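Scroll down for the structure; my scribbles are underneath it.
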Amino acid sequence: MPFSQYASYWRLALSVLSLVALPASAGMLELQNGDRIAGEFVRADENSVIWQSESLGQLTIDKTKIYDLQTSKPLKINGVGEPCTVNGMDQEHLVYSCGDDVIPRRVPLVSLAMIIPYQQFRTGESRTLTGRVNMSGTYARGNEVKDDWRVVSSVEYRRVDWRHSGSFEYASYSSGQDEPDVRWGGRYVLDWFFRERWFLNSDARFGRDETRSVDRYYNIGTGTGYQFWENATTALAMTSGLVLVSDTYEVPASPGPDFVRQEERVSWRVSTDFRYKLPLGVSLFHRNEYVRSFEEARDWYLTTTTGFNTMIASRLYSEVKLDYQVDNDPQPDTEREDVRLVVGLTYEW
């Protein structure tokens, strides 16, 4: 047999042996304690990495316990349009390259809210839906006659880079024999993550607030936001941008000469949203928003909400929060500041 044929047989044999020698999976996960788990990446959410182990099956591993992550799968990472290739980890940072990147990106693994195989993203299989309903009220008879109640519901739908949030509130506040003051409002927020932690923000609101003598209002705003971090334990986000504010006020019994029925103004808005889960099922949250008109410096308002959630049973929480609102240019016969302590029940899903 000619030498060239022997060489061809040997090359074929070596190719077969190399294929046999390849591992069944192309991924490796190393934990902080030194354990190495062969397998393959499945997905990652806010708090965990789902890993398919060769011998242990599917595992859910806390992100903070991961020392290194290796996978050959092209991945869809939150805020990045192109498929990404993981180069491993450098301390707590995931190192990866996307599209035409010349310099690899380094982002803390815990700050990446969602990572899925790129093929799964193409087929539209990744989405989450969460919601909550909060109810609170006060009933008093005797020396004080009071009927207060409030219902707030919200829902969030997320599909990789898009986050949709909607909420609706209805409240009725009465004291003595007076007609109750009614407040209701709806809100829709759309966030689009164009980078790992940067997102474009659109916000629309409408409603009525008799406690501030507002017959109806609507706000339409847009801006940019930054998600400092987001996981199951804690999250912090900030948004800033422009907003068109339109208020139509109730006509007082004796309107003054400077009374204006309707006002529209372009304003600047900045807001933050923070939450932190404490031990024993207790969660702390704080939200604030500051809006200031470009036309009139004294025309601004501030709204803050600070409170605690405590788990009573699965998905059921007691909630105590303090709402504080300042309207620096209030309507006649209304106060500049509002403070309200609210105690209620919240159901989450």
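Would you mind telling me the share, in percent, of accessible area of the range 266-349 contributed by carbon and sulfur at probe 1.4 angstrom? The partial results should precede the final answer.
Details: 3010 of 5110 Å².
The value for the range 266-349 is 59 percent carbon and sulfur by accessible area.
Cross-link candidates for LYS321: which aspartates and glutamates have Cα within less than 15 Å, leaving aside residues fewer than 8 places away along the same chain?
ASP273, ASP338
For the chain, what does the accessible surface come to per residue with a 1.4 Å probe? Please give it in Å². Write down the numbers at each step before the final one.
Numbers: 19940 Å² over 349 residues.
I get 57 Å² per residue for the chain.
Taking the Cβ-Cβ separation of ASP90 and SER254 as r and a Förster radius of 51 Å, what is the calculated FRET efficiency to the nearest 0.05?
Numbers: r = 70 Å, r/R0 = 1.37.
For ASP90 and SER254, the calculated efficiency is 0.15.
On the accessible surface of the range 26-73, probed at 1.4 Å, how many percent belong to carbon and sulfur atoms? Let's see the in-between values first.
On the way: 1110 of 2480 Å².
Within the range 26-73, the accessible surface is 45 percent carbon and sulfur.
Measuring from label point to label point, each 7 Å out along Cα→Cβ, what is the VAL266 to ILE312 span in nm?
My value for the distance between the label points is 4.8 nm.
Ranked highest first by the average count of other Cβ atoms within 10 Å around their residues, in what order do 270-278, 31-39 fall?
Details: 270-278: 15.7, 31-39: 12.9.
Ranked from most to least packed, the peptides come out as 270-278, 31-39.
What residues of the range 45-80 lie in the reach of a label at ASP35, counting those whose backbone N is under 11 Å from a point 7 Å from the Cα along Cα→Cβ?
It comes to 56, 59-62, nothing else.
The values are calculated or read from the model by the stated rules, or taken from the named source; none is laboratory data. Quick caveat: nothing in here was measured; it's all calculated off a predicted structure. All Cβ positions, glycine included, derive from the backbone under ideal geometry; neighbour counts span all protein chains shown. Accessible surface is based on the protein model in full, side chains and every heavy atom, while ligands, DNA and RNA are left aside. Shrake-Rupley method; radii C 1.70, N 1.55, O 1.52, S 1.80 Å.
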